[in-house]
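All of the numbers you see were taken from the coordinates with simple rules; none came from a lab. Computed from a predicted model, the values in this text were never measured in an experiment. Because the Cβ atoms are built from the backbone with ideal geometry, glycine has one as well, and the counts that use them run over all protein chains shown.
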Amino acid sequence: MGSNKLKLNDFKHLPFPNSQAKSLVINILTKCYKHFSKEQKLTIATEVLTNPEAFKEDENWESLVHLLIGKEEEQVFQTFQASIYPATYKVFGSKHIDGNAKRQMDTVMKLPIVKYGALMPDSHPGYGLPIGGVIATENAVVPYAVGVDIGCRMSLTIYDVRSSFLKQYAYEAKLALKNCTHFGNTGSFEKHQEHEILERDEFNQLSLLKQMFGKAKIQLGSSGSGNHFVEFGIVTLNDTNHLNLPQGEYVGILAHSGSRALGAKVAEVYSNIALNTCKLPREIQHLAWLDMDSEAGQEYWMAMNLAGDYAQACHDLIHANLAEALGFKAIAKVENHHNFAWKEMIGSQEFIVHRKGATPAQKGVMGIIPGNMIDPAFIVSGLGNEQSLQSAAHGAGRKMTRSKANESITMSSLKKLVSSKGVTLIGGGPDESPLVYKNIDEVMASQTELVKVEGSFLPKIVRMDQK
């Protein structure tokens, strides 16, 4: 019971608009969610505070939602000049996307800095910009349109090992996952990992990055919680592929994680700066931006890129440690960010392209689009579609919130489901059940204009954070 009890200090990072909202949240969690873990309670509270529209029909949160949203306001953009003619955006896989995500994107496109946009088929509501949303802004960066987990990414390494290895040496593979990976915010590796990322000069250029260096060193090579994972699986390549490997089956390691505490702190600090310097109505405050010519904009850009490279370094170590433990030799690697911003040319002008839960899909660029812990991930090459801002989905996309998943799915039913598909699950929880995700095959069918499928990865041994 004690581990479930929340203290006032646990709420200090939540985006309360006022003290009344804070009191309501504490009362509702105490009354209606007393059997939930502390982490689950805080996750639910964050979801409601940042996206109250999605909880309009939930009677538990009725009083808070009414406080946050109130009556519909006709003049939403009272504190800044909205675009008279909002930019239009292209929707891919519209039938898979709920109305809240589309309405959220409609609002995004009214921002005067947004010139182009696109919505991917795995889209669902997010903080400010929908997950699966892509926008091109003019000389401005929106921290929340990059995301809290800066540089969250996929990485797949393919090894010159027959797929039968995962049956013959399943125990050794599971042991390697347990010994060579670390998940969550507590604890660390017995021995600190080493990587050249820690020698980067940016850590000395900003006081914030200097403060985060110790934490970055401790967490280097580790993975986050939530939907982050490291998996062994079977890679199947088509007869023609950009990797120039023979058609057939291989053993692969697939990882999904981001920039850990470093990226989260950068996002928190510069999101707050944007909120305080770019005053927007409450309903869209998470779309606050930083001018790229401002000192804060330049600092964020530097810190964001360092966080992205740090995330890549973590992935490099995950793969290297597992390969060393099992004696694997890598023959190919595919990787991509899907929470990041890039300077890209559209026509003859440079824009800041934000992909929040979207995969870069420039012509011939390789990427990975995962399904869930029992369905395949797809190895793809981009087709360079300009209407999607050269982007594609970053996964299957959620169709159920974490709170609803924890209420309706049990751990025993999850284990039974994955076992029936021949998958071994280490860690994980009901909120990451395959049942909470859209159908990956339908998502892929909705973006044949965006990517070409070159192969697949079928999970066999999945490691996630322990609930």
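Which lysines have a Cα lying under 16 Å from the Cα of K363, excluding residues fewer than 8 positions away in the same chain? Here the lysines satisfying the reach criterion relative to K363 are K452.
Label reach from K333 (point 7 Å along Cα→C-beta): in segment 189-216, amide nitrogens under 16 Å belong to 194-198.
Taking the longest Cα principal axis of the chain as reference, the axis of helix 295-326 is set at about 20 degrees. Averaged over residues, the count of other Cβ atoms within 10 Å places the peptides 323-333, 186-196 in the sequence 323-333, 186-196, highest first. Residues of segment 194-230 falling in the label zone of D10, defined by backbone nitrogen less than 20 Å from a point 7 Å along Cα to beta-carbon, are 225-227.
At full extension, K363 and S188 could sit 59.0 nm farther apart than now, given 0.36 nm per residue minus the alpha carbon distance.
A full extension of the chain between D160 and E449 corresponds to an added length of 100.9 nm, given 0.36 nm per residue minus the alpha carbon distance. Each label was represented as a point 7 Å from its Cα along the Cα-to-Cβ direction; for E344 and N179 these points are 4.2 nm apart. For a modelled paramagnetic label at A170, 7 Å from Cα along Cα-to-Cβ, the residues of segment 204-236 in reach, with backbone nitrogen under 19 Å, are 230-235. Note on the chain: dipole from Cβ charges, positive end direction compared against Y89, A101, F203; the farthest Cα belongs to A101.
Close Lys pairs in segment 2-69 (alpha-carbon distance under 18 Å; sequence gap of 8 or more, or different chains): 18. The protection proxy used here, the mean number of other Cβ atoms lying within 10 Å of each residue, ranks peptides 452-465, 120-133 as follows, highest first: 120-133, 452-465. Eigen-decomposition of the gyration tensor built on the alpha-carbon atoms of segment 335-467 gives equivalent ellipsoid semi-axes of 32, 16, 12 angstrom, largest listed first.
How do the peptides 43-53, 204-214, 253-263 rank, highest first, by the average count of neighbouring beta carbon atoms within 10 Å per residue?
Values: 43-53: 20.2, 204-214: 14.5, 253-263: 26.0.
Descending packing order for the listed peptides: 253-263, 43-53, 204-214.
Site pair K56 and K421 shows an inter-label distance of 3.3 nm when each label is modelled 7 Å from Cα along Cα→Cβ. Contact order for the chain, expressed relative to its length and based on alpha carbon pairs under 8 Å spaced 6+ residues apart, stands at 20 percent. The structure-derived value of mean projected area of the Cα convex hull in nm² appears in the list (1) 31.8; (2) 19.8; (3) 22.0 under the label (3).
Where Lys and Arg each count +1 and Asp and Glu each count -1, what net charge lies around H338 among other residues with Cβ under 11 Å from its Cβ? Summing Lys/Arg as +1 and Asp/Glu as -1 gives 0.
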